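As structure tokens, the structure follows; a few thoughts come after it.
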Amino acid sequence: MRAFAEWRLLRYLAQRGLNVPQPVAAFYRRSGLTYRCDLITERIVHAQSLSAALATGMLAENIWRAVGTAIARLHAQGADHADLNAHNILFDPRGTVSVIDFDRGRLRKPGTWTASAWTASNLARLRHSLHKIAAPLPPDHFTSASWQHLLAGYRAV
């Protein structure tokens with residue numbers, strides 16, 4: 001069941017010191033031919049999504065680098081995020097970056113963005129998300145320099 005798979009993945013990643021929500025409980029109920037699954041995780045206090053922050057203005061270089069570093073750390077542990085987008089990346093007032101919503105995520109052989117198709121796919125999905133969110137915004141909210149800062153943070157791991 002998907003909720004239990006996500007629970008196990010989050011627990012694995014949290015045990016390795018990665019900034020993901022702590023799983024609390026998973027629930028499963030079958031009803032005829034269908035079922036319902038739920039997952040409860042700890043709330044990441046005072047966190048804002050990357051998409052919400054992008055809508056309010058330009059982000060500092062250190063935030064972009066921290067996002068890249070967080071993603072690289074996940075990839076180094078083999079975490080393939082099936083839906084890596086700007087809504088699923090959070091950061092708090094201290095600049096700590098967390099990644100949420102690992103539904104359909106899975107563990108793979110650890111990789112880097114240049115060595116693995118799945119890591120490159122994760123990053124391409126994120127870049128597409130950022131371009132889509134930034135399209136109606138002023139052009140300085142997400143630039144090629146923003147993406148390069150993110151990649152610099154990614155490569156530094």
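The values are calculated or read from the model by the stated rules, or taken from the named source; none is laboratory data. Because the structure is predicted, anything quoted here is derived from the model rather than measured. Counting neighbours? That spans all protein chains shown, and the Cβs are built from the backbone with ideal geometry, glycine included. Accessible surface areas use protein heavy atoms only, side chains included; no ligands, DNA or RNA. Shrake-Rupley method; radii C 1.70, N 1.55, O 1.52, S 1.80 Å.
Placing a label point 7 Å from the Cα of HIS128 along the Cα-to-Cβ direction, the residues of region 57-96 with a backbone N closer than 12 Å are 83-85. The calculated FRET efficiency for THR34 paired with ARG155, based on their beta-carbon distance and R0 = 41 Å, is about 0.35. When the P(r) of the chain is calculated, the portion above 18 Å amounts to 58% of the C-alpha pairs. Each Lys and Arg adds +1 at its Cβ and each Asp and Glu adds -1 at its Cβ; summed about the Cα centre, the chain shows a dipole of about 580 debye. So, in Å, what gap is there between the alpha-carbon centers of region 1-76 and region 118-157? Region 1-76 and region 118-157 have Cα centres separated by 19 Å. Can you find, among PHE27, PRO139, LEU10, the residue sitting farthest towards the positive end of the charge dipole of region 1-141, where Lys and Arg contribute +1 and Asp and Glu -1 at Cβ? So the residue we want is PHE27.
In region 80-157, which chymotrypsin sites (Phe, Trp or Tyr not before Pro) fall in coil by DSSP and have 14 or fewer other Cβ atoms within 10 Å?
Numbers: sites: PHE91, PHE102, TRP113, TRP118, PHE142, TRP147, TYR154; in loops: PHE102, TRP113, PHE142.
Here no chymotrypsin sites (Phe, Trp or Tyr not before Pro) fit, given the DSSP loop and packing criteria.
Nearest 0.05, what FRET efficiency do PHE4 and ARG43 give at R0 = 22 Å with Cβ-Cβ as r? Taking R0 as 22 Å, the efficiency between PHE4 and ARG43 is 0.60. Highest mobility in the GNM of the chain, judged by mean-square fluctuation with C-alpha springs under 10 Å and restricted to HIS87, HIS46, HIS128, is found for HIS46.
Against the criterion of solvent-accessible heavy-atom surface with a 1.4 angstrom probe, GLU6, GLU61 sort, most first, into GLU61, GLU6. Largest GNM mean-square fluctuation among PRO138, PRO110, PRO21, using the chain with Cα springs under 10 Å: PRO138.
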